[in-house]
Amino acid sequence: MEPLRWRLMALLPLVASFLLFYFNYYFKSSASECSLLPHNHYWIVSKRIVTPKGIISGAVEVNGGNIISVVKEDDWRGNARSKSVLDYGEAVVMPGLIDVHAHLDDPGRTDWEGFPSGTRAAAAGGITTLIDMPLNSFPSTVSEETFKLKLNAAEGRIYVNVGFWGGLVPENAFNASALEGLLRAGVLGLKSFMCPSGINDFPMTNASHIKEGLSSLAKYKRPLLVHAEIPQEPEDYVKGESGADDVRSYSTYLKTRPASWEEAAIRELLAVTIDTRSGGSAEGAHLHVVHLSDARSSLNLIKEAKKRGDSITVETCPHYLAFSAEEIQNGDTRFKCSPPIRDAANKKQLWEALLDGHIDMLSSDHSPSVPELKLFDDGDFLRAWGGISSLQFVLPVTWSFGRNYGVTLEQLVSWWSEKPAKLAGQDLKGAIAPGYHADIVVWDPEEEFDVNDNHPIYLKHPSISAYMGSRLSGKVLATFVTGNLVYEDGKHAPAACGVPILAR
Ligand SMILES: *[C@@H]1O[C@H](CO)[C@@H](O)[C@H](O)[C@H]1NC(C)=O
Ligand SMILES: *[C@@H]1O[C@H](CO)[C@@H](O)[C@H](O)[C@H]1NC(C)=O
Ligand SMILES: [Zn+2]
């Protein structure tokens, strides 16, 4: 007995140290898989930190996923241990982008994009939160049940934080208990179409459906996002007219979808947004017009509605600000989207409206497909799938094209972080300020790069991106999502530690 017990006793320290080693290894590795940093209390130092109180030189203290303090250089005594100071020099430190309009097509169409590739592209582009659209996944997210499928698909597969819009469709619009089930399950708001969406299980809604939707949303104080185009007779499109029937010509496509479609839809919408005014029957609900392309009569209608007190906002997208119809080459269906990219004069007016605050915010409307659906061989603009693939490049695109208009860093923050956070009901996102989530992008506005095969592109199908071949300025250096350094210098943190954002 005695010798055996002694032998066991001698083994004990060995066993204990093994256990300790494995425990340490296990916990350390699982934590560091989420972040490229070994610690969660650190200081981000830079000469250009964009805060609600202006651009400062100083430090942002992060601990446990939140911003603890923001201090100016003079007050920053460098009292931190040097290994937890991340000095980015002259690079810009600003709130991570919040993209309120992205189609990641998961579950069901992961050959188009998917949560892993889409959120890795987002992280590489400085987007820290994105809100996924209820289509083009399959099934569409139009009920509590289909929303559960969406959440299951996102679990453990997202590299940034992801919220979700639910779908308002004829099937659920008149069924308050169905809509409320979806809202109670945590969608941040609803989305509907006033024209065919191109997706079979996502039919279009009319003004009655929208009115019903708004009254359910009023109780939850969440927004309705609307694709505002109503098909009109394409009066100026005469098939057979010289050149007009060339399906490879962009102008043919443009004529099939004139600005009058947007105008007609917005006119109808404004008849129901009256109810969202204070004292109205849908007070508390909010209407958000997605991807406005027409900077003329449609925008004027929205301006009037805002003036009379309707609860309404509008977004446009980088592709309407970067490209114009005149430049789109025959057969280059990478540029097909709806509503369409219009003429150069319209583009200039969109920029002016954005700078004047009449357009509230920007979103990507990242909407990829498999390359085959773009019909590059035929170049048929009428039959090709519509949608621009852009997620990773929206920040440099906005900056590169906006510099001609004198866009400031504060304006970028307003359009890409502050206003989107408000729309999505995220009170603790969208600013570099104490108490806010540590969702941060660090980027160099001066650095230029070419979007080509030598550039690391994380989108599932880089070839369909309209930005391939362009030279952009504004390189994303690092992205922090709730304190985790999820991307730096072309490298992602190994684990997908983004969390789903549910409305409460
Ligand atoms: C309304 O939705 C609920 C919940 O999804 C469903 O059980 C019910 O059958 C629907 N009612 C109608 C009239 O379609
Ligand atoms: C909208 O469609 C529904 C059928 O889903 C119909 O009952 C209603 O009258 C329509 N409303 C308008 C304004 O066309
Ligand atoms: Zn869209």
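Is it the case that PHE164 is away from ligand 2 (no atom under 16 Å from the Cβ), of a type outside the set (Val, Ile, Thr), modelled with pLDDT of 95 or more and closer than 29 Å to ILE266 by Cβ?
Yes, satisfied.
Closer than 30 Å to LYS491 by Cα, of a type in the set (D, E, K, R) and within 18 Å of the chain's Cα centre (by Cα), is that true of GLU113?
Against the criterion (closer than 30 Å to LYS491 by Cα, of a type in the set (D, E, K, R) and within 18 Å of the chain's Cα centre (by Cα)), GLU113 qualifies.
Name the pairs: first residue in the range 125-141 and surrounded by fewer than 24 Cβ atoms within 10 Å (Cβ to Cβ), second residue in a strand (DSSP E or B), Cβ to Cβ under 6 Å, at least 6 apart or on different chains?
Close Cβ pairs (under 6 Å, with a partner that is in a strand (DSSP E or B)) amount to SER140/GLY167.
In the range 341-360, which residues are crowded, with 21+ Cβ neighbours inside 10 Å and not in a helix (DSSP H, G or I)?
Matches in the range 341-360: ILE341, ARG342, ILE359, ASP360.
Can you give me the number of residues within the range 158-177 that are surrounded by 19 or more Cβ atoms within 10 Å (Cβ to Cβ) and more than 16 Å from ligand 3 (Cβ to nearest atom)?
6
Would you point out the residue of the range 142-154, among those that are away from ligand 2 (no atom under 16 Å from the Cβ) and in contact (Cβ under 8 Å) with a residue 60 or more places away in the chain, that is surrounded by the fewest Cβ atoms within 10 Å (Cβ to Cβ)?
LEU151
Restricting the search to the range 100-119, which residues are surrounded by 24 or more Cβ atoms within 10 Å (Cβ to Cβ) and out of contact with any Cys (no Cβ under 8 Å at 6 or more places or on another chain)?
Within the range 100-119, VAL100, ALA102, HIS103, LEU104, ASP105, ASP106, TRP112, GLU113, PHE115, GLY118, THR119 qualify.
Would you call LEU179 within 16 Å of ligand 1 (Cβ to nearest atom) and closer than 17 Å to HIS286 by Cβ?
Yes; evaluated as a whole, the condition is true for this residue.
Out of all the residues in the range 211-221, which are touching a Leu at 6+ places or on another chain (Cβ under 7 Å) and either under 13 Å from VAL169 (Cα atoms) or within 16 Å of ligand 1 (Cβ to nearest atom) (or both)?
GLY213, LEU214, SER216, listed by residue number.
Please determine, by comparing only the residues of the range 134-155 that are farther than 18 Å from ALA496 by Cβ and within 18 Å of the chain's Cα centre (by Cα), which one is nearest to ligand 1 (Cβ to nearest atom).
So the residue we want is THR141.
What are the residues in the range 377-386 that are in contact (Cβ under 8 Å) with a residue 60 or more places away in the chain, over 23 Å from the mean Cα position of the chain (by Cα) and buried (at least 16 other Cβ atoms within 10 Å of the Cβ), if any?
Matches in the range 377-386: GLY379, ASP380, PHE381.
Give the number of residues within the range 216-230 that are away from ligand 2 (no atom under 14 Å from the Cβ) and either closer than 26 Å to GLY379 by Cα or at pLDDT below 95 (or both).
2
Here's a check for you: in the range 178-197, which residue that is buried (at least 17 other Cβ atoms within 10 Å of the Cβ) and under 12 Å from LYS219 (Cβ atoms) is nearest to ligand 2 (Cβ to nearest atom)?
Among residues in the range 178-197 that are buried (at least 17 other Cβ atoms within 10 Å of the Cβ) and under 12 Å from LYS219 (Cβ atoms), the one nearest to ligand 2 (Cβ to nearest atom) is LEU179.
The values are calculated or read from the model by the stated rules, or taken from the named source; none is laboratory data. Keep in mind that what you see is a predicted model, and the values were worked out from it rather than measured. Reconstructed Cβ throughout: ideal geometry from the backbone, glycine too, with neighbour counts over all protein chains shown.
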